[in-house]
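The structure that follows is given in the form of structure tokens.
The values are calculated or read from the model by the stated rules, or taken from the named source; none is laboratory data. From a predicted model like this one, the values you see are computed outputs, not experimental measurements. All Cβ positions, even for glycine, are placed from backbone atoms using ideal geometry, and neighbour counts span all protein chains on display. Surface areas here come from the heavy atoms of the whole protein model, side chains and all, with no ligands, DNA or RNA. Shrake-Rupley method; radii C 1.70, N 1.55, O 1.52, S 1.80 Å.
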4 protein chains.
Amino acid sequence: MNQHYGKLFEVQLAGESHGSGVGCIVQGCPAGMPLAESDIQAELDKRRPGQKLTTTRNEKDQVQIKSGVFQGKTTGAPILLWIDNEDVQSASYEKLKETPRPGHADMTASAKYGGYNDYRGSGPFSARLTAALVAAGAIARKLLAMQGVEILGHVQQLHGIRTDVTDAQIRDYAYQSAVRCADPKIEKKFQDELQSALKAGDSLGAVIECRVNGLPVGVGEPRAQSVESVIAANVLAIPAAKGVEFGSGFASAALLGSQNNDAYEEKNGKVVTRTNHSGGVLGGITNGMPLVFRVAFKPTSSIAKTQITLNTKSHKQTELNVAGRHDPCVALRAVPIVEAAAALALADLMLQAQKIPKVLK
Amino acid sequence: MNQHYGKLFEVQLAGESHGSGVGCIVQGCPAGMPLAESDIQAELDKRRPGQKLTTTRNEKDQVQIKSGVFQGKTTGAPILLWIDNEDVQSASYEKLKETPRPGHADMTASAKYGGYNDYRGSGPFSARLTAALVAAGAIARKLLAMQGVEILGHVQQLHGIRTDVTDAQIRDYAYQSAVRCADPKIEKKFQDELQSALKAGDSLGAVIECRVNGLPVGVGEPRAQSVESVIAANVLAIPAAKGVEFGSGFASAALLGSQNNDAYEEKNGKVVTRTNHSGGVLGGITNGMPLVFRVAFKPTSSIAKTQITLNTKSHKQTELNVAGRHDPCVALRAVPIVEAAAALALADLMLQAQKIPKVLK
Amino acid sequence: MNQHYGKLFEVQLAGESHGSGVGCIVQGCPAGMPLAESDIQAELDKRRPGQKLTTTRNEKDQVQIKSGVFQGKTTGAPILLWIDNEDVQSASYEKLKETPRPGHADMTASAKYGGYNDYRGSGPFSARLTAALVAAGAIARKLLAMQGVEILGHVQQLHGIRTDVTDAQIRDYAYQSAVRCADPKIEKKFQDELQSALKAGDSLGAVIECRVNGLPVGVGEPRAQSVESVIAANVLAIPAAKGVEFGSGFASAALLGSQNNDAYEEKNGKVVTRTNHSGGVLGGITNGMPLVFRVAFKPTSSIAKTQITLNTKSHKQTELNVAGRHDPCVALRAVPIVEAAAALALADLMLQAQKIPKVLK
Amino acid sequence: MNQHYGKLFEVQLAGESHGSGVGCIVQGCPAGMPLAESDIQAELDKRRPGQKLTTTRNEKDQVQIKSGVFQGKTTGAPILLWIDNEDVQSASYEKLKETPRPGHADMTASAKYGGYNDYRGSGPFSARLTAALVAAGAIARKLLAMQGVEILGHVQQLHGIRTDVTDAQIRDYAYQSAVRCADPKIEKKFQDELQSALKAGDSLGAVIECRVNGLPVGVGEPRAQSVESVIAANVLAIPAAKGVEFGSGFASAALLGSQNNDAYEEKNGKVVTRTNHSGGVLGGITNGMPLVFRVAFKPTSSIAKTQITLNTKSHKQTELNVAGRHDPCVALRAVPIVEAAAALALADLMLQAQKIPKVLK
């Protein structure tokens, strides 16, 4: 299990779905940044279950800052964050030991850890851990905001339905919408789709788009620490994420060079590109245009529908009904998680590029 | 510039397109593995230019093993590989200093490195560096092959044309085909498409698919070192790569959970899944099914067609004709590069999971 | 502040002297190891203040395992440990803001972190953090013990007095002795020395020796991860440690090669050396002989005696009386800390050398 | 074998004593630094054998810069340095396969690498590799010099003889002296001592002292990346180094706190300490005073005298005469190596503390 992210802005996660809680230690945050639990809570509330259309698990996700902050400001020392688990019902998971749920880590985790893994709700594999990631991301996000960087995520596509929205729409609407849809005209369609999936005991995949404005030119250490590499590694560590693309991404495979190249021009004394097929990154380095990427999420693996699996003890095929509380579409709660994963990557790369000082004034 | 890959199987690249050569140091290869320059040369020859439909730059790419091998076997010490540049024509690049080429790293590199970057052919940003990556990957590949792991890459999609092939077809045909097309019936269409692009002074995007067979269950350190995270970071460090997906990837966003979940069954005493939408990875860990991923490559940025750019000195819009030797589709040469990037990731993760011993017998 | 140790057996510390507590996350511990809070508590009790001759700060240092253990065994997931601070009296430190204490990090921390550092008892610089290190070390230690590795520390030298003891004496006596002296005949002298220092309002330096038995041949990754390099880095991160030596160490500078070289011989079918001037390490790799190293600790910086310092606001020389609770010799409590630092280094190197499996049976 | 140093200023070494040469890749050097082969050669010449009283192996150690420098300046890309081996006589080492030399890595390397290690002159374990370290260090050193940092090394103690010198003496005399003795009055004694050792077919240990002037306050990331930890790890990776101490080091173990604490005062508007027992580091962070440390070197393991060892094939005790060319005291050539190890550590920590910009003007 490797839950350590970053080189200069480092995050180490810990915790389990059905243990005492989840938490993390953030190392490398510059000193002098104002930080309160409420800053972090605001981000956590964006991914909190207990909303309609997401799992019925009901937790306050109250974060505690246990170190690294003194007199309201970061000290430069590691910041330990902790969130207690409150609403734990583990009984329902006991029977899963021998019948691995399709799409989950049950089988692979058991094989890898010799059966010693905490299998309750997949333990450390649970999306519950992303609460700690979002908490850490809230710190990165605040740090970036102080440098004028804005991160905007939304559900761009749900099942077959795709939206096409402006930054302003994302800002105004995405988090107002229970389904994280930034287009009020499409939102109802998202909800209908989710209701039918729920009714059918099924789940839906989705694509989250994330746009980052205000990044300076020159962020990203080409090749292994390219903007794309670091963001991709972070977002693909989110449960259920199965693909990532930057700018035109997979669509660029069907384009001509003359279509895909972004012509340079000058605007208000700043070098910009007319189009943004590159998604704001050239040679692994930000070019000053908005950074744009999309993450594909598979449908929630836990579905109410009866499924076929193998009983690994009896070696016989068996029917499986996954009890418990599950989202019809994991991506709905994943918007702040993707934003957090991006924030962690970018805070790290900004520090690597010395675009953020070690002491903030 | 961060050209360091891996945690236990480490690669540090160096070199420039128009300098004395390119090379790397591989650290962490177990002792006792037979290794000759010819093993590496075989892989290098797969990406060598000088073939029809790729750049006319003509180099032998002769690799030298400068350390780490003794009496025909690896010693456990770092292996330094070096490839001299032979066919360097840098004159044509001089004028690019003030007129950054669209789609290239010219502008971002100049901004990041204060104008001190080697701008000839983009220097260290050049795809030339991937020769060193392929050389390092050849070592990883041999190490994996000794554990029964097979890596199969091919151009699955060129511009709008997509193939659907079997492993056997990739094995037999992909590297026989000048356009890395594993389907003999489609190959001609690929070539026609490339010829028209060349004639139009344009270039094409493509998708490379890579399949890895024979991986044991349990490879991948969940979250930050998940199979998806590490492979994604490596392949997105390849010039022109703009997206990556695993298994059903972006298509899974349009699927129902009941469609996308892979049911378990037992076959010949082994736990397998009936379908492979997961692409062989669950919870970041291999499940014993073939690992399948795809990488989107944008069209070659250098095109013969006249383009618009900015003269960064005069601050005026200007026309740009990129001279030099360029591929109509970078992805054609990228097949062994993607395979190498995957091999490096997997050799590293196999060592992390202790699936490869430190001394080979 | 970099409180991250290790490559495969990783520890990330957090916490402050006068904050809510101290803790850590341990990542990389193999799955299947029995682990209870009592295992860790046993080590913590060895460094606990509240004993005669150490600081009068009185805390139970009760450790909580918050993650990574399920049904009494490690799961392979990160282990979060937390210890609440109980007996915090921070008022006495307020005045130190402007008058840095000689020998402490007050001045350097304030300069480095722009005055945002938690200056109460030096915050994260405090030896209090070593409770978290010892807690993490307890896990490493148990892991090593399962491989037959034994770690023996004691105060070899106090001020001018030096002992010369056997392994058996250390085993039987070091932790029985309040002054960690393994020689019952010398113990009284240690105590007298400490009493006079206390009476004089002064403090004493010391040397801790650590011996590690049972290490297999072949541990240590030569050069940057040599046994000496990794242990030295860990022990010199302990507050007040100012030197480290292996085997004959500094004394070997005054020896001839013919005196210092250890002749090989065979004993019970095992290759051993007649002497052990190397301290069990050759070329950075263990040779199967006992690993022996010594760590020099400066006298406690906090002394009751009036000292001279600078008032950094008034720029005037001033007298300073350091209130608070302080040990006459930090090294007395540092024995289990040095042992923990060594255990962390060796667990990491054993994993790097694949001498410990990823799943324990 | 781990020959990778540093976090932001990274060095990866490669090569063997009796292979084609030694080299390294330096990653993370800021762009815009003037760098010529002559800059590096100057440092290499300081450790070059072929001087009286050091080994008779005679090589020019001509360094080649193969990448990362363009138009006389660093580009920000990795810098590959290579030095060919010229004077290789490996025949004399063949018989060592079965009779490990006392004090060398022969036995441990063979055990660790399953007998696949290059045993000729200990291959990658050879002090020959330090040529690559010195070459890399030359780059770090130039970078530091541009920030006003000066590094001064000398042999402070040879066998039983100790010197006590000023910075000026080191500057003027250490590298003028064939025995790296900064005190002209003591130099003759050093030489006599070495001559007797040579005549006796024996070797001598020594202590190298290193002083670093001009470091700003605030360098060092406390605990795992403390100034002491990083320097210690680097210098203990040098063959034959067996101990390191900072400031008063081991002597402080015999001091009182009131003696060892350095009182603060102000001098020319700068906070300084009256004494420098701390060696310029408090809490792992530089305090602006000279950084002072000492490294203990054991006597050269290769001696002309007949030694006893084990024939590992026949399992019988045997006499061993080590042929080849050897220094009577390794430390004589180690002065620039220790300086290089310190330079690498400090360049890295200066970058971590953002005390060196990413682009130099």
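Being within 7 Å of chain D (Cβ to nearest Cβ), aliphatic (A, V, I, L, M), open to solvent by 10 Å² or more (accessible area, probe 1.4 Å) and assigned to a strand (DSSP E or B) is true for just one of C:V271, C:V217. Which residue is that?
C:V271
In addition: So which residues in the range A:220-229 are outside any loop (DSSP other than H, G, I, E, B) and facing another protein chain (nearest Cβ under 7 Å), if there are any at all?
A:E221, A:R223, A:Q225, A:E228, A:S229
Picking from C:I83, C:I65, C:I161, which residue would you name as being among the hydrophobic types (A, V, I, L, M, F, W, C), at pLDDT 95 or above and buried (at least 23 other Cβ atoms within 10 Å of the Cβ)?
C:I83
Mind listing whichever residues of the range B:1-21 are away from chain A (no Cβ under 13 Å) and of a type in the set (S, T, Y)?
B:S20
While we're here: Checking A:E266 against (1) surrounded by 17 or more Cβ atoms within 10 Å (Cβ to Cβ); (2) free of Cβ contacts under 8 Å to residues at least 60 places away in the same chain; (3) part of a strand (DSSP E or B): exactly one of these is not met. Which one?
Only one criterion in (1) surrounded by 17 or more Cβ atoms within 10 Å (Cβ to Cβ); (2) free of Cβ contacts under 8 Å to residues at least 60 places away in the same chain; (3) part of a strand (DSSP E or B) is unmet by A:E266, namely (1).
Scan the range D:295-318 for residues that are modelled with pLDDT of 95 or more and either open to solvent by 60 Å² or more (accessible area, probe 1.4 Å) or in a strand (DSSP E or B) (or both) and jot them down.
Matches in the range D:295-318: D:V295, D:A296, D:F297.
Please go through the range A:145-188 and pick out each residue that is polar (S, T, N, Q) and either touching a Ser or Thr at 6+ places or on another chain (Cβ under 9 Å) or in contact (Cβ under 8 Å) with a residue 40 or more places away in the chain (or both).
Scanning the range A:145-188 gives A:Q147, A:Q156, A:Q157, A:Q169.
Let me ask something additional. C:P328: assigned to a loop (DSSP other than H, G, I, E, B) and crowded, with 24+ Cβ neighbours inside 10 Å, yes or no?
yes
Can you say whether A:R128 is buried (at least 24 other Cβ atoms within 10 Å of the Cβ) and more than 19 Å from A:H18 (Cα to Cα), as far as the supplied structure shows?
Here the answer is no, as A:R128 does not meet what is asked.
Here is a follow-up. Name the residue that is nearest to C:F9 (Cα to Cα), counting only residues in the range C:178-190 that are surrounded by fewer than 19 Cβ atoms within 10 Å (Cβ to Cβ) and modelled with pLDDT of 95 or more.
Looking at residues that are surrounded by fewer than 19 Cβ atoms within 10 Å (Cβ to Cβ) and modelled with pLDDT of 95 or more, I get C:P184.
Would you check if there is a residue in the range C:202-213 being closer than 30 Å to B:Q27 by Cβ and open to solvent by 30 Å² or more (accessible area, probe 1.4 Å)?
So far as the range C:202-213 goes, no, none of its residues is closer than 30 Å to B:Q27 by Cβ and open to solvent by 30 Å² or more (accessible area, probe 1.4 Å).
Being closer than 30 Å to B:E265 by Cα, within 11 Å of chain B (Cβ to nearest Cβ), assigned to a helix (DSSP H, G or I) and out of contact with any Pro (no Cβ under 6 Å at 6 or more places or on another chain) narrows it down to one residue among A:T108, A:T130; which is it?
Being closer than 30 Å to B:E265 by Cα, within 11 Å of chain B (Cβ to nearest Cβ), assigned to a helix (DSSP H, G or I) and out of contact with any Pro (no Cβ under 6 Å at 6 or more places or on another chain) holds for just one of A:T108, A:T130, which is A:T108.
Restricting attention to the range B:274-292, which residues are within 16 Å of B:S229 (Cα to Cα), more than 9 Å from chain A (Cβ to nearest Cβ) and among the hydrophobic types (A, V, I, L, M, F, W, C)?
Scanning the range B:274-292 gives B:L291, B:V292.
Out of D:D87, D:D118, report the one residue that is in contact with an Asp or Glu (Cβ under 6 Å, 6 or more places away or on another chain) and either within 14 Å of chain C (Cβ to nearest Cβ) or not in a loop (DSSP other than H, G, I, E, B) (or both).
D:D118
Kindly list the number of the only condition in (1) out of contact with any strand residue (DSSP E or B) (no Cβ under 6 Å at 6 or more places or on another chain); (2) surrounded by fewer than 24 Cβ atoms within 10 Å (Cβ to Cβ) that fails for A:E150.
Here A:E150 meets the rest and fails (1).
Let me ask something else about it. Residues of the range A:235-268 being over 30 Å from A:T130 (Cα atoms), touching a helix residue (DSSP H, G or I) at 6+ places or on another chain (Cβ under 9 Å) and more than 7 Å from chain B (Cβ to nearest Cβ), which ones?
A:Q259, the sole residue that qualifies.
Next question. Look at the range A:1-37 and say how many of its residues are part of a loop (DSSP other than H, G, I, E, B) and either within 19 Å of the chain's Cα centre (by Cα) or more than 25 Å from C:K73 (Cα to Cα) (or both).
Total meeting the criteria: 15.
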